[in-house]
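Heads up: the structure comes next, in structure tokens.
Every number here is computed from the coordinates shown, using simple stated rules; none is lab data. Treat the numbers as computed from the prediction; the structure is a model and nothing was measured. Cβ placement follows ideal geometry from the backbone for every residue including glycine, while neighbour counts extend to all protein chains displayed.
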Amino acid sequence: MTSATEVVKSAGPKLVPFFKTVAIYFVIFMPHDQPSIVGAIIKILPIISLMIFVYLYGRDQADEYKWFSRRILTGLIFSSIGDVCLVWSKDYFQFGMVSFAIGHINYITAFGFKPLVFRVGLVGYILTLICKY
């Protein structure tokens, strides 16, 4: 089994583009009242860098892990589509929400349902209802 330090040393440098694009996103403030293509691209730059990381990391993995990487990559693609749709939220809000839902379904299937514990889900659902109302 590999330690956390070994994982950080091996994957950490590969994630530098992600951290740089996150910094670019937070440094360049894009006004929300003026949606633009440039704003949409800057908004999804971190996701694009994660897509590249997942693709490059997943293609070198064994077949049993490629399925996981494909699900995560598909989730990232749909999440980025959702982010772009939310830039123009007045016109494409529903498309963005559907895209996020598809992305999250891919994340859920990637991480699996085993063990499926209904009590934990029920408690989470009840807490969500309590916090909402």
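General observations
- Rounded to whole Hz, the Karplus (6.51, -1.76, 1.60) HN-Hα couplings of the range 122-130, x for glycine and proline: 5, 4, x, 5, 5, 5, 5, 5, 5
- Anisotropy class of the range 18-73 from Cα gyration tensor, a/c 1.5 cut: prolate
- Loop-located chymotrypsin sites (Phe, Trp or Tyr not before Pro) in the range 26-73 (DSSP state not H, G, I, E or B) with no more than 15 neighbouring Cβ atoms inside 10 Å: Phe29.
- Contact order normalised by residue count of the chain, Cα under 8 Å, 6+ apart, percent: 20 percent
- Restricting attention to the chain, the count of lysine pairs at 8 or more positions apart or across chains with alpha carbons under 20 Å apart stands at 5.
- When shorter helices are ignored and each DSSP H run of at least 4 residues is given -39500 (n - 2.57), the per-residue value for the chain at 222 nm works out to -27000 deg cm²/dmol.
- 3J(HN,Hα) along the range 46-54: x, 5, 4, 5, 5, 4, 4, 4, 5 Hz, from the Karplus curve 6.51 cos²θ - 1.76 cosθ + 1.60 with θ = phi - 60°, whole Hz, x for Gly and Pro.
- 10 Å binning of all Cα-Cα separations within the chain, expressed as whole percents from 0 upward: 11, 28, 33, 23, 4
- Integer Hz, Karplus 6.51/-1.76/1.60 couplings in order for the range 102-107, x for Gly and Pro: 4, x, 6, 5, 5, 4
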